[in-house]
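Below you'll find the structure, written out as structure tokens, and then a few comments.
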Amino acid sequence: MDHGEARIFMVEAPVVAAADPFDPEGRTADLTLSRAFVPPAPEPPDPLVAGPGPAEWSQRFGAVLGRNALALLPVTLLAALPMHFFVGRLDEAVIAAPYLSDVAGGLGLLLLPFMWLAYLAVSALPQVLSLAGATGVAVPRAAEGSRPRLRRTWSLVALRLRALWLWFAAFSVLTGSLPLVLTEDQFGLAAAVPLAVVLGAVSTGLLTLGGMLGCVVLIERGQAWRRSMYLLSRSRPVGLIAAAAGATFVPGVTEAVLGGFAATAAGVVAVQLWAIAALVTYAQARRADEPVTSLSLLNELAAPED
């Protein structure tokens, strides 16, 4: 037998099952396109939760900013008050020291550390208000598709503002006290620029960590410090680091060039951009760890306190 003429063709199960047994010509099934497998349509991208990669992060950051910029304007204006009167004003407390020395026979100097702590605690308000406002506005907007009312935003974040403020007040005390300890008088004028760079790097690092930690405090439960460190390890927070550096250096540079009011305006805008960057970075890190959507984040944010 010539193997070129006698060939065996294997008929698979779907063909046999679809064949017509009453076909007089003995033909097998006609596999039309209607029986072919059609893959499901891909799900639309989440308005808040970005996929992996810096390109996805940038697209989501721009979308969240454009969608919520007008709604966040009242939060930005509210944050401008402590930004203008308290942030970077610790030197006013130092100037007040001679006046406090005359109060109650010099015992007034004991009030100076408390004044420093009060200044530093209130100077954390711009970060607290911006991050809480961005979370309370952007998360329900992405999940529900409509801008939340003021009462809705307040109800989502109000119970967690105290914990958020305590964390950021601690960061503010740390970054604000370092310039009082590490001064040019100790290291000389030659170390002024390196010292400013080191202090700026510390502030940028704390703002980067604080952005992730603040989102954990607002949305999740549990150990905020350990959880935020874990989520940072699951992400590449380049955008958050850049936004934190902007919030650190932009106000000082603007004040040196244009004055105090311009520095306040630039500062509140930089802090608001940092808050949005923190929220987008947090959502992206959560997605890298588990399946999440803006709706699931809203459900966690709206969960009642234990």
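The values are calculated or read from the model by the stated rules, or taken from the named source; none is laboratory data. Nothing here was measured: the structure is a model prediction, and the numbers come from that model. Virtual Cβ from ideal backbone geometry, glycine too; neighbours counted across all protein chains shown.
Below are the figures for this structure:
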{"item": "Meets criteria (touching a Phe, Trp or Tyr at 6+ places or on another chain (Cβ under 7 Å), of a type in the set (A, V, I, L, M) and in a helix (DSSP H, G or I)) for Ala277", "result": "yes"}
{"item": "Within the range 110-166, helices (runs of 4 or more DSSP H) holding 1 or more residues that are within 18 Å of Ala71 (Cβ to Cβ) and touching a helix residue (DSSP H, G or I) at 6+ places or on another chain (Cβ under 9 Å)", "result": "125-144, 150-157"}
{"item": "All positions within the range 253-268 that are of a type in the set (S, T, N, Q) and under 13 Å from Leu81 (Cβ atoms)", "result": "Thr264"}
{"item": "Members of the range 260-296 found to be of a type in the set (Val, Ile, Thr), closer than 14 Å to Pro52 by Cβ and at pLDDT 95 or above, listed by number", "result": "Val280, Thr281"}
{"item": "Residue in the range 252-261 that is crowded, with 21+ Cβ neighbours inside 10 Å and part of a helix (DSSP H, G or I) present", "result": "no"}
{"item": "Residue pairs meeting the criteria (Cβ under 6 Å; at least 6 apart or on separate chains; first within 9 Å of Ala143 (Cα to Cα), in the range 286-306; second surrounded by fewer than 13 Cβ atoms within 10 Å (Cβ to Cβ) and at pLDDT below 95)", "result": "none"}
{"item": "Residue list for the range 150-168, filter: within 12 Å of Val122 (Cα to Cα) and surrounded by fewer than 19 Cβ atoms within 10 Å (Cβ to Cβ)", "result": "Leu166"}
{"item": "Residues of the range 49-86 satisfying the condition of being of a type in the set (Gly, Ala, Ser), in contact (Cβ under 8 Å) with a residue 40 or more places away in the chain and surrounded by fewer than 14 Cβ atoms within 10 Å (Cβ to Cβ)", "result": "none"}
{"item": "Given (1) in contact with a helix residue (DSSP H, G or I) (Cβ under 8 Å, 6 or more places away or on another chain); (2) assigned to a helix (DSSP H, G or I); (3) not acidic (Asp, Glu), index of the condition Arg236 fails", "result": "(2)"}
{"item": "In the range 109-168, residue nearest to Ser294 (Cα to Cα) [restricted to those that are small (Gly, Ala, Ser) and touching a Lys or Arg at 6+ places or on another chain (Cβ under 9 Å)]", "result": "Ala142"}
{"item": "Subset of the range 271-300 [in contact with a Gly (Cβ under 8 Å, 6 or more places away or on another chain) and surrounded by fewer than 24 Cβ atoms within 10 Å (Cβ to Cβ)]", "result": "Leu273, Arg287"}
{"item": "Search result, residues across the range 110-157 that are farther than 22 Å from Leu209 by Cα, touching a residue at least 40 places away in the same chain (Cβ under 8 Å) and under 18 Å from the mean Cα position of the chain (by Cα)", "result": "Pro140, Arg141, Ala142, Ala143, Leu156"}
{"item": "Selection count, the range 225-246, where residues are surrounded by 19 or more Cβ atoms within 10 Å (Cβ to Cβ) and either in contact (Cβ under 8 Å) with a residue 60 or more places away in the chain or hydroxyl-bearing (Ser, Thr, Tyr) (or both)", "result": "3"}
